[in-house]
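The values are calculated or read from the model by the stated rules, or taken from the named source; none is laboratory data. Just so it is clear, the model here is predicted, and its values are computed rather than measured. Note: ideal-geometry Cβ built from the backbone for every residue, glycine included; neighbour counts use all protein chains shown.
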Amino acid sequence: MRRNFLLTALLIATCWAFIQAQTAILPKPPFTARAVELGKQLAAKSLEIRQQITNPSGPAEPFKIMGNLYFAGVSNGEVYLLTSPQGHVMFGAGYAVAAESVEKNIEKLGFKMTDIKAILLNHNHGDQSGAASYMKKKSGAAVMAGFAEIPFLEHGGALPAGAAVPNIPPAPRGQGQGQGAPQPNPNQFQPAGANQYPPVKVDRALFDGDVIKVGPLTVTAYLMPGHSASSTSFLYTVREGNRDYRVFEFCCWEYPEDLSRGAYITEASVRHNLETFRKVLPVDIYLETGAYGWSGTLNQAPNLTITERMAKLRADNRPWLNRDIFAALSAAREVEFEEKLQKIGAR
Ligand SMILES: [Zn+2]
């Protein structure tokens, strides 16, 4: 009797394991289940490092990332400079309050503001676009952004300090939010003042696959809605020694905990973004708006602080190069999205 019981238990356990294996969500090729595991660990590490950035708009030391690509931003990351003798491309303008410290960083690196020919903004929030108007005035560069960011950028952001950032254009000055407007997403809480930015005139609207050229520099823009209406990622190549490296700056992953609360998060658009991840492979150097997501930051010993990680990158650029980082994060994001979608569907 006891033996029968054990056999039945074993049979049930085996069936359960089999069913689990059948229903586990796998990423689509070329991403693998192993990459998903690594990606989950990296995402957790990235979140942990993010907690250490207590003053995101605080000053940071600028440094060369690789070849003709430089970091010129603040402690949260935000600003990169791709240079050439015929002019530079600036990625991100940074916080309004940090405009002068970013300008000093560019000069410290030995570059002139007036040689910047294009300012590419990945989305309309204050951390990325706060100093756009200042940088445009100082450089005379053309400002470019995803087409649906433009109403926000040209209106300017002036939300109260510490306010949640709504996924909708701010109401006209002097008026409240319209009736029936989508509610602000409390998960998108920004540091005080983070969403304040003066209006800036945008010179070029970017659409998916658009190519931006400055002298010999070529940057491809990919529109990846979610965090904002047309968050934009950038793909380009940098050269160091006699090798080319593919760089991808991604903006910005939004987790669809509840699709109804993110005006720009839809199943279709997230699927588009996941396909873009495949399209840009392989990625040698992975950048995000935040320094906590860089391949260079994540590809280091596990217990280092953000300060130690940044110091290491200033001294040694080898941690930047790891194609597994972006592939793993992408694989984990795809699986996480499918899992959450399944949960939403099951309700
Ligand atoms: Zn943002």
Exercise for the section: Would you mind stating whether residue 283 is among the β-branched types (Val, Ile, Thr), in a loop (DSSP other than H, G, I, E, B) and either surrounded by fewer than 23 Cβ atoms within 10 Å (Cβ to Cβ) or touching a residue at least 40 places away in the same chain (Cβ under 8 Å) (or both)? Expected result: yes
Practice task
Working only within the range 296-325, note down all residues that are part of a loop (DSSP other than H, G, I, E, B) and among the aliphatic types (A, V, I, L, M).
Solution key: 301, 304, 321
Handout entry: Residue ID - farthest from residue 332 (Cα to Cα), chosen from residues in the range 30-58 that are of a type outside the set (S, T, N, Q), in a loop (DSSP other than H, G, I, E, B) and over 18 Å from the mean Cα position of the chain (by Cα)
Key = 58
Fill in the blank from the handout: For the range 85-110, pairs from a residue that is polar (S, T, N, Q) to a residue that is outside any loop (DSSP other than H, G, I, E, B), with Cβ under 6 Å and 6 or more apart or across chains, are 101/59
Exercise for the section: Give me the pairs, please: first residue somewhere in the range 295-313 and surrounded by fewer than 14 Cβ atoms within 10 Å (Cβ to Cβ), second residue anywhere and in a loop (DSSP other than H, G, I, E, B), beta-carbon distance under 9 Å, and either six or more positions apart or on two chains. Expected result: 305/52; 307/52; 308/300; 308/301
Problem - Wholly within the range 59-147, strands (runs of 3 or more DSSP E) carrying at least 2 residues that are within 16 Å of the ligand (Cβ to nearest atom) - result: 116-121, 142-146
Handout entry: In the range 235-265, residue surrounded by the fewest Cβ atoms within 10 Å (Cβ to Cβ) [restricted to those that are in contact (Cβ under 8 Å) with a residue 24 or more places away in the chain and among the hydroxyl-bearing types (Ser, Thr, Tyr)]
Key = 255
Problem - Residue check, residue 264 within 16 Å of the ligand (Cβ to nearest atom) and of a type outside the set (S, T, N, Q) - result: yes
Exercise for the section: Return yes or no: is residue 162 within 16 Å of the ligand (Cβ to nearest atom), on the phi > 0 side of the Ramachandran plot and modelled with pLDDT under 95? Expected result: yes
Practice task
Give the range 321-347 a look and list any residue that's touching a Pro at 6+ places or on another chain (Cβ under 7 Å) and either closer than 20 Å to residue 32 by Cβ or surrounded by 23 or more Cβ atoms within 10 Å (Cβ to Cβ) (or both), or say none.
Solution key: 323, 331, 334, 335, 337
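Residue by residue, here is whether (1) under 29 Å from residue 115 (Cα atoms); (2) modelled with pLDDT under 70; (3) part of a strand (DSSP E or B); (4) within 16 Å of the ligand (Cβ to nearest atom) holds:
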| residue | (1), (2), (3), (4) |
| --- | --- |
| 167 | no, yes, no, yes |
| 191 | no, yes, no, yes |
| 194 | yes, yes, no, yes |
| 208 | yes, no, no, no |
| 222 | yes, no, yes, no |
| 233 | yes, no, yes, yes |
| 236 | yes, no, yes, no |
| 247 | yes, no, yes, no |
| 252 | yes, no, no, yes |
